[in-house]
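Colleague: Take a look at this one; I'll ask things after.
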């Protein structure tokens, strides 16, 4: 347990020491909130779909979380190249504990990033539908962060260079985000093929769960969102732990 705590704390220290990383990672969410939230808001409202900012904010929060969570895998490759990971892996501690500590640290950092975006959204006029549902929204944020941190760690565990990792991440992140229903509603009128793809996207359930708890809008249903997200998160944690345990030093 000490190993898990130390690695979790190390991830947090890395995050708070890098002020440029904190500020830089807020650029894209702010762009989406301002450009899409206010730019497409009147169009969305004229279509009879309500307040677009209320619809958009949960998706932007999820986007901020997955970017931070997935790219936490870069630190695995960085530690490989500079020898820190070797020193960690030869220590008389379980590799499972090492992986759990790193994953929890990366997930915590991603949730903090999501909370910052939520705070900024409140300043732009977004209002949660119910304060009583906020704790459940935080649960969905943590599940999203845990899922994609585990995925990022699993991918980084089998790669040796940062360029390859960044290419794979760019290939994954944008399709996962745009096909999740984060910026458009998954409702009648959307092509059936797109709905089918969205149903296979794990982020769709995270976005839908956040949207239900923060804005009162749901497509799949809160129980389905929680169940599917929990199962996929558990599966990726198992896969990530296995792949991480096979790292050669």
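Colleague: Taking residue 193 as the residue in question, decide whether it is assigned to a loop (DSSP other than H, G, I, E, B) and at pLDDT below 90. Step through it out loud before you land on a result.
Modeller: Values: assigned to a loop (DSSP other than H, G, I, E, B): no; at pLDDT below 90: yes.
Criteria not met by residue 193.
Colleague: If you don't mind, another one. Name the residues in region 121-132 that are in a helix (DSSP H, G or I), surrounded by fewer than 18 Cβ atoms within 10 Å (Cβ to Cβ) and in contact (Cβ under 8 Å) with a residue 40 or more places away in the chain, would you?
Modeller: 124
Colleague: If you don't mind, another one. Within the bounds of region 24-31, is there any residue that is in a helix (DSSP H, G or I), over 20 Å from residue 65 (Cα atoms), modelled with pLDDT under 70 and out of contact with any helix residue (DSSP H, G or I) (no Cβ under 6 Å at 6 or more places or on another chain)?
Modeller: no
Colleague: Among 151, 214, 227, 236, which is the only one that is free of Cβ contacts under 8 Å to residues at least 12 places away in the same chain, part of a helix (DSSP H, G or I) and under 23 Å from residue 59 (Cα atoms)?
Modeller: Result of the check over 151, 214, 227, 236: 227.
Colleague: Which one of these does residue 135 not meet: (1) assigned to a helix (DSSP H, G or I); (2) in contact with a helix residue (DSSP H, G or I) (Cβ under 7 Å, 6 or more places away or on another chain); (3) farther than 17 Å from residue 28 by Cβ?
Modeller: Failing condition for residue 135: (2).
Colleague: Residue 164 fails exactly one of the following numbered conditions: (1) closer than 20 Å to residue 59 by Cα; (2) surrounded by fewer than 21 Cβ atoms within 10 Å (Cβ to Cβ). What is the number of that condition?
Modeller: Looking at each condition in turn, residue 164 falls short on (1).
Colleague: Next question, about the same structure. With (1) over 25 Å from residue 30 (Cβ atoms); (2) not in a loop (DSSP other than H, G, I, E, B) as the list, and residue 141 as the residue in question, which single condition is left unmet?
Modeller: (1) is the only condition that residue 141 fails.
Colleague: For residue 10, which of the numbered conditions (1) modelled with pLDDT under 70; (2) farther than 26 Å from residue 217 by Cβ; (3) touching a helix residue (DSSP H, G or I) at 6+ places or on another chain (Cβ under 9 Å) fails to hold?
Modeller: With (1) modelled with pLDDT under 70; (2) farther than 26 Å from residue 217 by Cβ; (3) touching a helix residue (DSSP H, G or I) at 6+ places or on another chain (Cβ under 9 Å) applied to residue 10, the lone miss is (1).
Colleague: Which of the residues that make up region 161-190 are part of a helix (DSSP H, G or I), without any contact (Cβ under 8 Å) to a residue 40 or more places away in the chain and within 17 Å of the chain's Cα centre (by Cα)? Lay out the reasoning, then the answer.
Modeller: In the first step, residues of region 161-190 are kept if they are part of a helix (DSSP H, G or I); the result is 162-178.
Those left that are additionally without any contact (Cβ under 8 Å) to a residue 40 or more places away in the chain: 163-164, 167-168, 170-171, 174-175, 178.
Listed by number, the residues that qualify are 168, 170, 171, 174, 175, 178.
The values are calculated or read from the model by the stated rules, or taken from the named source; none is laboratory data. What you see is a predicted model, and the numbers here were worked out from it, not measured in a lab. Note: ideal-geometry Cβ built from the backbone for every residue, glycine included; neighbour counts use all protein chains shown.
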